[in-house]
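Visitor: I'd like to ask some things about the structure below.
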Amino acid sequence: MDLNKKNMKNWMLLIVFAVLVYGVVQRIEILAAGFAFLYSIIMPFVLGAAMAFILNIPMHFLEKRLFRKAKKRKFVRPVCLVLSIFFVVAVIQIVLLVVLPEVATTFASISKNIEAFLPHVQEWAMNTFPDSEQMAAWIQSLEFNWDKIIQTAVDFLRNGASNVLSSTFTVARTVINSLMNFCVAFVFACYILLQKEKLFVQVKKVLYAFLPQKAVKKTLEVASLSYKTFSNFVTGQCTEAVILGTMFFVTMSILRFPYALLVGVVIAFTALIPIFGAFIGCVLGTFLILVSNPMQAIGFVILFLVLQQVEGNLIYPHVVGGSVGLPSIWVLVAVTVGGSLMGVVGMLIFIPLSSVIYALFREFVHKRLKERNIHDI
């Protein structure tokens, strides 16, 4: 082996890398604690960046559409930011005002319906399993008593009071930390939105200072594509959720199903989870209607399957899949893989992420075909 200067340098780098890997393996717990500490520090800023991304969508719309011809441009950005914040808060407030009273009324109705419905279930079960003594004894023992349930909850709280008191300080500290993180994130998001052009220029300067110009150009292209894709996905997903919730509310009202408004709002919220979210709303809606009227619950399931076919085959691929430039089959793959790896968050992230990868790979394939003079495929 020729131990020249270049080979010696490679060997030294290999030895240093091996020592670093060995140190990481030996101190993996300390390293994990360090990453956890670093995550706790940067978490408010990551949350703030996410909040800024969400708020920038209505703010950008207001700047381009409503205040495009405003004379005093320096006041446009703060006004649009405040209006965007009010818009998001108003949507949340309206949903709470609609949902909370309906939920209270629903639970009061459910408690009465269960008491009236339980004897019918017992009678049906007795007729279905007439030869099973154990089943008959268990069915006869079923009862629904709110007083007994409340008393059981009070006893549980009384017996676990010492544990509750011992953990009060921990819970209070967690709540305070969460509030502080939210406040820091909100302020950070406002700073980003008010000075986003200045921050963009600063990031470009840093990139040009440390990277080749070709790499900087490609990085900015990918960043622009990612922002456009994620923004279109958020807009499309919210639009699809509103359309689906409205469809359920209107059809359930026309067919005189109970809890039409509550089920419509629940399905609209759960539909924010791509493809599979509406099924969660279906389960909740079926349970609510089942207690009130079992036959209508069957009708609701049929209605859900019909509307889900319309939404899955017509609305979602065109509203969301089209907005991110991703074919329908890859939308399904992205949701499945993202859900398996990261749960609900993965479902929300992997569709726009897959769209970015799909667009970059498609561009690379077209470039390779052009280099090989292949045009007939």
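Visitor: Quick check on my filter: what residues within the stretch 328-369 are of a type in the set (Phe, Trp, Tyr) and more than 20 Å from residue 231 (Cβ to Cβ)?
Guide: Scanning the stretch 328-369 gives 361, 364.
To keep it simple, each residue is scored yes or no on (1) part of a helix (DSSP H, G or I); (2) closer than 26 Å to residue 292 by Cα; (3) modelled with pLDDT under 85.
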{"position": "217", "(1), (2), (3)": "yes, no, no"}
{"position": "228", "(1), (2), (3)": "yes, no, yes"}
{"position": "237", "(1), (2), (3)": "yes, no, yes"}
{"position": "245", "(1), (2), (3)": "yes, yes, no"}
{"position": "258", "(1), (2), (3)": "no, yes, yes"}
{"position": "272", "(1), (2), (3)": "no, no, yes"}
{"position": "275", "(1), (2), (3)": "no, no, yes"}
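Visitor: Given 314, 284, 305, which one is modelled with pLDDT under 80, in a helix (DSSP H, G or I) and on the phi < 0 side of the Ramachandran plot?
Guide: Just a single option satisfies the conditions, and that option is 314.
Visitor: Going through the stretch 204-221 one residue at a time, which ones are surrounded by 13 or more Cβ atoms within 10 Å (Cβ to Cβ) and either closer than 21 Å to residue 42 by Cα or of a type in the set (Val, Ile, Thr) (or both)?
Guide: 216, 219
Visitor: So, residue 205, is that one under 29 Å from residue 334 (Cβ atoms) and out of contact with any Asp or Glu (no Cβ under 8 Å at 6 or more places or on another chain) or not?
Guide: Against the criterion (under 29 Å from residue 334 (Cβ atoms) and out of contact with any Asp or Glu (no Cβ under 8 Å at 6 or more places or on another chain)), residue 205 does not qualify.
Visitor: Continuing with this model, one more query. Give 118, 47, 97, 62 a once-over and let me know the one that is under 26 Å from residue 262 (Cβ atoms), assigned to a helix (DSSP H, G or I) and at pLDDT 70 or above.
Guide: The match here is 97.
Visitor: Go through the stretch 318-373 and report how many residues are assigned to a loop (DSSP other than H, G, I, E, B) and either at pLDDT 75 or above or touching a strand residue (DSSP E or B) at 6+ places or on another chain (Cβ under 8 Å) (or both).
Guide: So the answer is 2.
Visitor: Select, from 81, 38, the only residue that is modelled with pLDDT of 80 or more and more than 30 Å from residue 242 (Cα to Cα).
Guide: Testing whether each residue is modelled with pLDDT of 80 or more and more than 30 Å from residue 242 (Cα to Cα) leaves just 38.
Visitor: Another question, if that's okay. For the stretch 280-290, give me the residue count where each residue is surrounded by fewer than 19 Cβ atoms within 10 Å (Cβ to Cβ) and touching a residue at least 24 places away in the same chain (Cβ under 8 Å).
Guide: Looking only at that region, the number is 0.
The values are calculated or read from the model by the stated rules, or taken from the named source; none is laboratory data. Quantities reported herein were computed from a predicted structural model and do not represent experimental measurements. Note that each Cβ is placed from the backbone with ideal geometry, even for glycine, and that neighbours are counted across all protein chains shown.
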